[in-house]
1. Going by the structure shown, is Ala292 hydrophobic (A, V, I, L, M, F, W, C), outside any loop (DSSP other than H, G, I, E, B) and closer than 25 Å to Met60 by Cα?
2. Select, from Pro39, Pro31, the only residue that is in contact with a Ser or Thr (Cβ under 6 Å, 6 or more places away or on another chain), more than 18 Å from Val274 (Cβ to Cβ), in contact (Cβ under 8 Å) with a residue 12 or more places away in the chain and crowded, with 16+ Cβ neighbours inside 10 Å.
3. Six or more apart or on different chains, Cβ under 9 Å: which pairs go from a residue in the range 66-79 that's basic (Lys, Arg) to one that's in a helix (DSSP H, G or I)? Could you list them?
4. Find the residue count for the range 250-266, including only residues that are in contact (Cβ under 8 Å) with a residue 40 or more places away in the chain and within 19 Å of Pro92 (Cβ to Cβ).
5. Sort out which residues of the range 206-228 are part of a strand (DSSP E or B) and over 19 Å from Lys126 (Cα atoms), and write them in order of number.
6. I'm trying to understand the selection: among the residues of the range 276-312, which are within 22 Å of Tyr251 (Cβ to Cβ), free of Cβ contacts under 8 Å to residues at least 60 places away in the same chain, among the hydrophobic types (A, V, I, L, M, F, W, C) and surrounded by fewer than 19 Cβ atoms within 10 Å (Cβ to Cβ)?
7. Name the residue that is surrounded by the most Cβ atoms within 10 Å (Cβ to Cβ), counting only residues in the range 1-28 that are modelled with pLDDT under 95 and not hydroxyl-bearing (Ser, Thr, Tyr).
Amino acid sequence: MAGDINHCTIIGSGPAGYSAAIYAARAGLKPVLYTGKEPGGQLMITTDVENYPGYPEGIMGPKMMEDFQKQAARFDTDIRYELISEVDFTGPVHILKTESGVEVKTHTVIISTGASAKWLGLESEKRLMNLGVSACAVCDGFFFKGQEVAVVGAGDTAAEEATYLAKLCPKVHMLVRRDEMRASKIMQKRVLNTQNIEVHWNTETVEVLGKDGVTGVKVKNNKTNTESVIDVTGFFVAIGHKPNTAIFGDYLEKDAAGYLITQPGSTKTRVDGVFASGDAQDNVYRQAVTAAGTGCMAALDAERYLAAREII
């Protein structure tokens, strides 16, 4: 550090934040990482992770994040279990403020605040999370191979999840609240042309059924006001994600959904010295391995930024 100014401050943990910390620490940037309210991010509520390289037998999400955290700490990352609640990117030195009111000055900022899946808000949905309820078909679809599942949603995400699951499952029930989808025409066509996807129009989820695992879903037809039960063992919520980017206000460029926009081929934002990684800027892949990759990229971009200005 130069005086009381950090070389590199990382906002958020998870695969992106911890990967950025590992690379930044090994480059001598002495990173300070603020974990936020949910250290480890979405993987802390994920059970089996079987698609991350290096874990041939699979691993529990919280254990994987513990491994990431230990590796970052091994290289002397200063990990602080606190939330950054405000930022000021107006000057050449960036100013962050913690929830407890501490002011942090830093030459570079790596954003890895992630995104949070949107949920229906049902008690049964929360109770059966990771027991058959999921918000990621690519992550968890394999566990339901050969079983009937349901997908709730009507946009491109739901259409993609349904068509992905249709390759693994004999029957996919797609629950759509209205009599039409919001998905793009091409995605609607794919859904409607996939024989083992059954679209339930005007259908709202009342309750996810099951005790130690999903056994079905109770639904209501909004036109007839009648309820029925669909027997499924998996329930996928695909009503979108919300990036955790509100604290950055208008300093950074965002897309219509709030995801941070970075320069093509890099993690650079429109503010010099501020870099974005992971699900805060990725609305396409949203995987642990891609988040880790962009965390690495952000650390390398930060190192080059500091070197070019002879700060390190």
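The values are calculated or read from the model by the stated rules, or taken from the named source; none is laboratory data. Values in this document were obtained by computation on a predicted structure and should not be read as measured data. Cβ atoms come from the backbone with ideal geometry, glycine included; neighbour counts cover every protein chain shown.
1. Here the answer is yes, as Ala292 does meet what is asked.
2. One residue alone meets the criteria, Pro39.
3. Close Cβ pairs (under 9 Å, with a partner that is in a helix (DSSP H, G or I)) amount to Arg74/Ile22; Arg74/Ala25.
4. Total satisfying the criteria: 2.
5. Listed by number, the residues that qualify are Lys220, Asn221, Glu227, Ser228.
6. Ala308
7. Only one residue tops the list, namely Gly14.
Residue by residue, here is whether (1) of a type outside the set (Asp, Glu); (2) modelled with pLDDT of 95 or more holds:
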position	(1), (2)
Glu103	no, yes
Ile111	yes, yes
Lys118	yes, no
Ala135	yes, no
Phe142	yes, no
Gln147	yes, yes
